[in-house]
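To start, the structure itself, in structure tokens.
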2 protein chains.
Amino acid sequence: MKGHVDLLLLSTLRTGPLHGYGVVEKLRGLSEGAFDLAEGTVYPALYRLEAAGLLSSSWTKANGRRRRLYELTSRGRGELARERDEWQAFAHAVEVVVT
Amino acid sequence: MKGHVDLLLLSTLRTGPLHGYGVVEKLRGLSEGAFDLAEGTVYPALYRLEAAGLLSSSWTKANGRRRRLYELTSRGRGELARERDEWQAFAHAVEVVVT
DNA sequence: TTCAATACCTCGGATCGCAAAGTATTGCCA
DNA sequence: TGGCAATACTTTGCGATCCGAGGTATTGAA
């Protein structure tokens, strides 16, 4: 799962803001259990992405529980597109080698 | 390039024995330049794979230059099949998430 | 003879995924 | 009422791994 977490997180936020825990659940759902990221993976990754200017966050409250809501910045959208293209090229190249 | 080196190396050796330098060249050729692994990546990886019983090696000589020839063991072939299946599942799951 | 290519080895930094442990709140159920 | 599961976030530290950089040695071409 190394090196692809950023792409997965950015992709998951593509359709709208989510908080950390929500990202984990959505990713697990989308991938039918294949991607069940540990919190120790996701939260630091979200911090990194925000520090890199690809995400912005704001505190909200839902059911008395505090939530930090993340959403893509415009730079984040650009980076998402870039990383998706990169993934396609990478996946294609692997496919060529392994088959 | 993290986490996929083993699969690429095993795949490259699938069609016959090769030495380290040769693996690098073949991989670069197969992938049309996409995978140009550093020697500091490949040699330690080959040692790891041999230590894990997936490869076996023997010294040979070609044009006065010493070469360490690596080839898949039967366990290596099994592992290759396993990792290839794993890759397919992984790639498919990523595809679902990013599209 | 000097340099590029071939071929190998090794050290060290930097990154990263993740398990683990901690805090806090809400709501269910016995 | 008490306790436990689920929700939600944070931080620490280990282990793995990629790779840049530097080192050794041989061959052959310029």
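So in region B:64-99, with the set limited to residues that are free of Cβ contacts under 8 Å to residues at least 40 places away in the same chain and more than 14 Å from chain A (Cβ to nearest Cβ), which one is surrounded by the most Cβ atoms within 10 Å (Cβ to Cβ)?
Of everything passing the filter in region B:64-99, B:T73 is surrounded by the most Cβ atoms within 10 Å (Cβ to Cβ).
When region A:23-45 is examined, which residues are found to be more than 9 Å from DNA strand C (Cβ to nearest atom) and under 11 Å from the mean Cα position of the chain (by Cα)?
If the condition is that a residue be more than 9 Å from DNA strand C (Cβ to nearest atom) and under 11 Å from the mean Cα position of the chain (by Cα), then A:V23, A:V24, A:K26, A:L27 are the ones that fit.
Identify, please: which residue in region B:26-48 is open to solvent by less than 70 Å² (accessible area, probe 1.4 Å) and closer than 19 Å to B:G78 by Cβ and is, among those, nearest to the other protein chains (Cβ to nearest Cβ)?
By that ranking, first place goes to B:A45.
Does region A:12-25 contain any residue that is part of a helix (DSSP H, G or I), within 12 Å of DNA strand D (Cβ to nearest atom), of a type outside the set (S, T, N, Q) and open to solvent by 70 Å² or more (accessible area, probe 1.4 Å)?
Yes, some residue in region A:12-25 is part of a helix (DSSP H, G or I), within 12 Å of DNA strand D (Cβ to nearest atom), of a type outside the set (S, T, N, Q) and open to solvent by 70 Å² or more (accessible area, probe 1.4 Å).
Pull up region A:46-92, narrow it to residues that are within 10 Å of DNA strand D (Cβ to nearest atom) and touching a Leu at 6+ places or on another chain (Cβ under 6 Å), then point me to the one that is farthest from A:V5 (Cα to Cα).
Checked region A:46-92; the qualifying residue farthest from A:V5 (Cα to Cα) is A:T60.
Condition test on B:K61, is it farther than 24 Å from A:T99 by Cβ, out of contact with any Cys (no Cβ under 6 Å at 6 or more places or on another chain) and open to solvent by 60 Å² or more (accessible area, probe 1.4 Å)?
Here the answer is yes, as B:K61 does meet what is asked.
For region A:46-69, enumerate the residues that are more than 12 Å from the chain's Cα centre (by Cα) and within 12 Å of DNA strand C (Cβ to nearest atom).
Correct list: A:A51, A:A52, A:K61, A:A62, A:N63, A:G64, A:R65, A:R66, A:R67.
Please work out if A:L13 is free of Cβ contacts under 8 Å to residues at least 24 places away in the same chain and within 14 Å of another protein chain (Cβ to nearest Cβ).
The answer is no for A:L13.
The values are calculated or read from the model by the stated rules, or taken from the named source; none is laboratory data. Small disclaimer: the values here were computed from a predicted structure and weren't measured. No Cβ is skipped: glycine too gets one built from the backbone with ideal geometry, and neighbour counts run over all protein chains shown. In case anyone asks, the SASA skips ligands and DNA or RNA and just uses the protein heavy atoms, side chains included. Shrake-Rupley method; radii C 1.70, N 1.55, O 1.52, S 1.80 Å.
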